[in-house]
1. Indicate the gyration tensor shape class of segment 103-211 (rounded, prolate or oblate), computed on the Cα atoms with a ≥ b ≥ c the square roots of the eigenvalues: a/c under 1.5 is rounded; otherwise a/b larger than b/c is prolate and the rest oblate.
2. From the Cα gyration tensor of segment 152-211, with a ≥ b ≥ c the square roots of its eigenvalues, which class applies: rounded if a/c is under 1.5, or else prolate if a/b is larger than b/c, or else oblate?
3. Using the per-residue mean of other Cβ atoms lying within 10 Å as a proxy for protection, in what order, highest first, do the peptides 18-24, 30-36 fall?
4. Measure up Lys14/Lys114; Lys83/Lys129; Lys83/Lys187; Lys114/Lys157 against 20 Å on the Cα-Cα distance and list the ones that go over.
5. Leaving out ligands, DNA and RNA, and with a 1.4 Å probe, what % of the accessible surface on segment 109-211 is carbon or sulfur?
6. Each residue of segment 37-53 in turn: what ³J(HN,Hα) in whole Hz from Karplus with 6.51, -1.76, 1.60 and θ = phi - 60°, glycine and Pro shown as x?
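The values are calculated or read from the model by the stated rules, or taken from the named source; none is laboratory data. Just so you know, these numbers come straight off a predicted model, no measurement behind them. Backbone-built Cβ (ideal geometry, glycine too); neighbour counts: all protein chains shown. Only protein heavy atoms, including side chains, enter the accessible area calculation; ligands, DNA and RNA are left aside. Shrake-Rupley method; radii C 1.70, N 1.55, O 1.52, S 1.80 Å.
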Amino acid sequence: MKWAQFWARMRPRKIIIYADFIDPFCYIGYHNARLAAAEAGIPLEWRGFEMNPGTPFEGSLLETAANSDLRMGMWASVADFAKQSGLDLAQPDRAPNTQLALGWVNSLRKRDVKNSLIERIYQAYLSDKKDIGDPTLLAGLANDIGLEDAPIWRLEKNRAASRLEDFRAEAIRHGFPGMPGFLYKGKTYFGALSVMAWTAIFEETAACSIR
(Lines give C-alpha, C1' and ligand atoms only; values in the text may rest on other atoms or scores of the structure.)
Protein backbone atom coordinates (compact mmCIF):
# COMPACT_ATOMS: atom_id res chain seq x y z
CA MET A 1 0.00 0.00 0.00
CA LYS A 2 1.30 3.46 -0.91
CA TRP A 3 1.95 5.94 1.92
CA ALA A 4 -0.64 8.40 0.53
CA GLN A 5 -3.30 5.71 0.62
CA PHE A 6 -2.25 4.64 4.11
CA TRP A 7 -2.56 8.17 5.53
CA ALA A 8 -5.85 8.70 3.73
CA ARG A 9 -7.23 5.67 5.56
CA MET A 10 -5.89 6.95 8.89
CA ARG A 11 -7.47 10.41 8.63
CA PRO A 12 -10.55 11.00 10.84
CA ARG A 13 -13.73 9.98 9.05
CA LYS A 14 -15.66 13.22 9.34
CA ILE A 15 -16.72 16.15 7.19
CA ILE A 16 -15.57 19.61 8.25
CA ILE A 17 -17.65 22.48 6.88
CA TYR A 18 -16.72 26.16 6.79
CA ALA A 19 -19.84 28.27 6.31
CA ASP A 20 -21.75 31.40 7.30
CA PHE A 21 -25.44 31.92 8.05
CA ILE A 22 -25.78 34.81 5.63
CA ASP A 23 -25.38 32.82 2.43
CA PRO A 24 -28.17 30.68 0.92
CA PHE A 25 -25.66 28.40 -0.79
CA CYS A 26 -24.09 27.73 2.61
CA TYR A 27 -27.54 26.74 3.87
CA ILE A 28 -28.19 24.44 0.92
CA GLY A 29 -24.71 22.94 1.19
CA TYR A 30 -24.98 22.40 4.93
CA HIS A 31 -28.47 20.93 4.69
CA ASN A 32 -27.46 18.42 2.02
CA ALA A 33 -24.17 17.49 3.69
CA ARG A 34 -25.96 16.93 6.97
CA LEU A 35 -28.50 14.58 5.37
CA ALA A 36 -25.83 12.67 3.47
CA ALA A 37 -23.52 12.43 6.46
CA ALA A 38 -26.32 11.18 8.73
CA GLU A 39 -27.28 8.52 6.19
CA ALA A 40 -23.67 7.35 5.93
CA GLY A 41 -22.99 7.56 9.66
CA ILE A 42 -20.31 10.21 9.20
CA PRO A 43 -19.92 13.09 11.70
CA LEU A 44 -20.32 16.64 10.37
CA GLU A 45 -18.18 19.27 12.13
CA TRP A 46 -19.18 22.93 11.79
CA ARG A 47 -16.57 25.69 11.67
CA GLY A 48 -18.16 29.11 11.31
CA PHE A 49 -16.68 31.36 8.63
CA GLU A 50 -17.73 35.02 8.78
CA MET A 51 -18.05 36.04 5.15
CA ASN A 52 -18.50 39.77 5.75
CA PRO A 53 -16.60 40.76 8.91
CA GLY A 54 -17.19 44.46 8.21
CA THR A 55 -20.99 44.21 8.47
CA PRO A 56 -22.31 46.78 11.01
CA PHE A 57 -23.65 45.38 14.27
CA GLU A 58 -27.17 46.43 13.25
CA GLY A 59 -26.82 44.83 9.80
CA SER A 60 -27.13 46.49 6.39
CA LEU A 61 -29.59 46.79 3.52
CA LEU A 62 -29.42 43.83 1.19
CA GLU A 63 -28.52 45.78 -1.93
CA THR A 64 -25.50 47.30 -0.19
CA ALA A 65 -24.25 43.99 1.22
CA ALA A 66 -20.88 42.75 0.03
CA ASN A 67 -22.13 39.19 -0.58
CA SER A 68 -23.35 39.12 -4.20
CA ASP A 69 -25.24 35.84 -3.62
CA LEU A 70 -27.83 37.80 -1.64
CA ARG A 71 -28.46 40.63 -4.07
CA MET A 72 -32.07 41.06 -5.09
CA GLY A 73 -31.59 40.37 -8.81
CA MET A 74 -30.14 36.93 -8.14
CA TRP A 75 -32.69 35.70 -5.65
CA ALA A 76 -35.15 33.99 -8.01
CA SER A 77 -32.53 31.58 -9.34
CA VAL A 78 -31.18 30.94 -5.84
CA ALA A 79 -34.67 30.12 -4.51
CA ASP A 80 -35.34 27.76 -7.43
CA PHE A 81 -32.05 25.99 -6.79
CA ALA A 82 -32.90 25.61 -3.08
CA LYS A 83 -36.19 23.92 -3.93
CA GLN A 84 -34.23 21.07 -5.51
CA SER A 85 -33.01 20.29 -1.99
CA GLY A 86 -36.47 20.63 -0.47
CA LEU A 87 -35.84 24.10 0.98
CA ASP A 88 -38.38 26.90 0.66
CA LEU A 89 -36.45 30.16 0.97
CA ALA A 90 -37.84 33.68 1.27
CA GLN A 91 -36.03 36.71 -0.11
CA PRO A 92 -34.39 38.50 2.84
CA ASP A 93 -34.51 42.27 3.23
CA ARG A 94 -31.34 42.83 5.20
CA ALA A 95 -27.90 41.31 5.66
CA PRO A 96 -27.32 40.73 9.41
CA ASN A 97 -24.09 40.69 11.36
CA THR A 98 -23.52 36.98 12.02
CA GLN A 99 -20.53 37.16 14.37
CA LEU A 100 -22.56 36.49 17.52
CA ALA A 101 -24.49 33.58 15.98
CA LEU A 102 -21.31 32.02 14.61
CA GLY A 103 -19.42 32.48 17.85
CA TRP A 104 -22.23 30.96 19.87
CA VAL A 105 -22.60 27.90 17.65
CA ASN A 106 -18.83 27.39 17.62
CA SER A 107 -18.86 27.35 21.44
CA LEU A 108 -21.33 24.45 21.68
CA ARG A 109 -19.85 20.99 22.12
CA LYS A 110 -22.68 18.51 21.59
CA ARG A 111 -22.78 17.84 17.85
CA ASP A 112 -26.47 16.91 17.65
CA VAL A 113 -27.52 20.03 19.56
CA LYS A 114 -25.21 22.20 17.48
CA ASN A 115 -26.51 20.82 14.18
CA SER A 116 -30.13 21.34 15.23
CA LEU A 117 -29.41 24.94 16.20
CA ILE A 118 -27.51 25.61 12.96
CA GLU A 119 -30.48 24.42 10.90
CA ARG A 120 -32.83 26.54 13.01
CA ILE A 121 -30.71 29.69 12.57
CA TYR A 122 -30.62 29.17 8.81
CA GLN A 123 -34.39 28.75 8.76
CA ALA A 124 -34.91 31.87 10.84
CA TYR A 125 -32.98 34.06 8.42
CA LEU A 126 -33.45 32.49 4.99
CA SER A 127 -37.01 31.20 5.41
CA ASP A 128 -38.57 33.37 8.14
CA LYS A 129 -36.67 36.64 7.37
CA LYS A 130 -35.65 37.17 11.01
CA ASP A 131 -32.71 39.23 12.25
CA ILE A 132 -30.22 36.59 13.41
CA GLY A 133 -27.89 39.32 14.62
CA ASP A 134 -30.30 39.94 17.52
CA PRO A 135 -29.18 38.06 20.69
CA THR A 136 -32.75 37.92 22.01
CA LEU A 137 -33.90 36.20 18.83
CA LEU A 138 -30.99 33.74 19.04
CA ALA A 139 -31.93 32.91 22.63
CA GLY A 140 -35.48 32.24 21.46
CA LEU A 141 -34.23 29.89 18.76
CA ALA A 142 -32.33 28.00 21.44
CA ASN A 143 -35.53 27.63 23.43
CA ASP A 144 -37.27 26.29 20.33
CA ILE A 145 -34.98 23.24 20.33
CA GLY A 146 -34.92 22.84 24.12
CA LEU A 147 -31.49 24.43 24.64
CA GLU A 148 -30.85 26.80 27.51
CA ASP A 149 -30.29 30.33 26.28
CA ALA A 150 -27.80 31.04 29.08
CA PRO A 151 -24.67 30.20 27.05
CA ILE A 152 -25.32 33.06 24.64
CA TRP A 153 -25.31 35.57 27.47
CA ARG A 154 -22.10 34.09 28.89
CA LEU A 155 -20.29 33.99 25.56
CA GLU A 156 -16.79 35.41 25.80
CA LYS A 157 -16.85 37.68 22.77
CA ASN A 158 -13.09 38.14 22.46
CA ARG A 159 -12.48 34.42 22.57
CA ALA A 160 -15.32 33.79 20.12
CA ALA A 161 -13.94 36.38 17.70
CA SER A 162 -10.47 34.86 17.98
CA ARG A 163 -11.82 31.42 17.13
CA LEU A 164 -13.62 32.82 14.11
CA GLU A 165 -10.35 34.29 12.91
CA ASP A 166 -8.66 30.90 13.39
CA PHE A 167 -11.33 29.21 11.27
CA ARG A 168 -11.02 31.95 8.63
CA ALA A 169 -7.26 31.36 8.47
CA GLU A 170 -7.81 27.60 8.13
CA ALA A 171 -10.29 28.07 5.28
CA ILE A 172 -7.95 30.46 3.47
CA ARG A 173 -5.10 27.95 3.76
CA HIS A 174 -7.29 25.30 2.16
CA GLY A 175 -7.83 27.62 -0.79
CA PHE A 176 -11.59 27.18 -1.26
CA PRO A 177 -12.75 29.11 -4.33
CA GLY A 178 -16.10 29.73 -2.66
CA MET A 179 -18.29 28.94 0.33
CA PRO A 180 -19.33 26.65 1.80
CA GLY A 181 -16.02 24.84 1.94
CA PHE A 182 -15.67 21.21 3.00
CA LEU A 183 -12.76 19.04 4.10
CA TYR A 184 -13.16 15.27 3.97
CA LYS A 185 -10.49 12.59 4.03
CA GLY A 186 -7.78 15.11 3.20
CA LYS A 187 -9.59 16.48 0.14
CA THR A 188 -11.35 19.83 -0.28
CA TYR A 189 -14.79 20.42 -1.80
CA PHE A 190 -16.92 23.53 -2.07
CA GLY A 191 -20.38 24.73 -2.97
CA ALA A 192 -23.96 23.59 -2.45
CA LEU A 193 -23.27 19.92 -3.23
CA SER A 194 -26.29 17.66 -3.47
CA VAL A 195 -26.92 14.57 -1.34
CA MET A 196 -26.24 12.49 -4.46
CA ALA A 197 -22.89 14.24 -4.95
CA TRP A 198 -21.89 13.47 -1.37
CA THR A 199 -22.89 9.83 -1.76
CA ALA A 200 -20.61 9.62 -4.79
CA ILE A 201 -17.78 11.23 -2.81
CA PHE A 202 -18.18 8.69 0.00
CA GLU A 203 -18.11 5.82 -2.48
CA GLU A 204 -15.07 7.20 -4.28
CA THR A 205 -13.03 7.77 -1.13
CA ALA A 206 -14.00 4.34 0.23
CA ALA A 207 -12.85 2.71 -2.99
CA CYS A 208 -9.54 4.59 -2.92
CA SER A 209 -8.81 3.57 0.66
CA ILE A 210 -8.99 -0.17 -0.09
CA ARG A 211 -6.86 -0.22 -3.23
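1. Prolate, because a/c is 1.5 or more and a/b exceeds b/c.
2. prolate
3. Highest-to-lowest ranking by the protection proxy: 18-24, 30-36.
4. As for pairs spanning more than 20 Å Cα to Cα, those are Lys83/Lys187.
5. Ligands and nucleic acids excluded, carbon and sulfur reach 51 percent.
6. So the Karplus estimates, Gly and Pro as x, are 5, 5, 5, 8, x, 10, x, 10, 10, 7, 10, x, 10, 6, 6, 10, x Hz.
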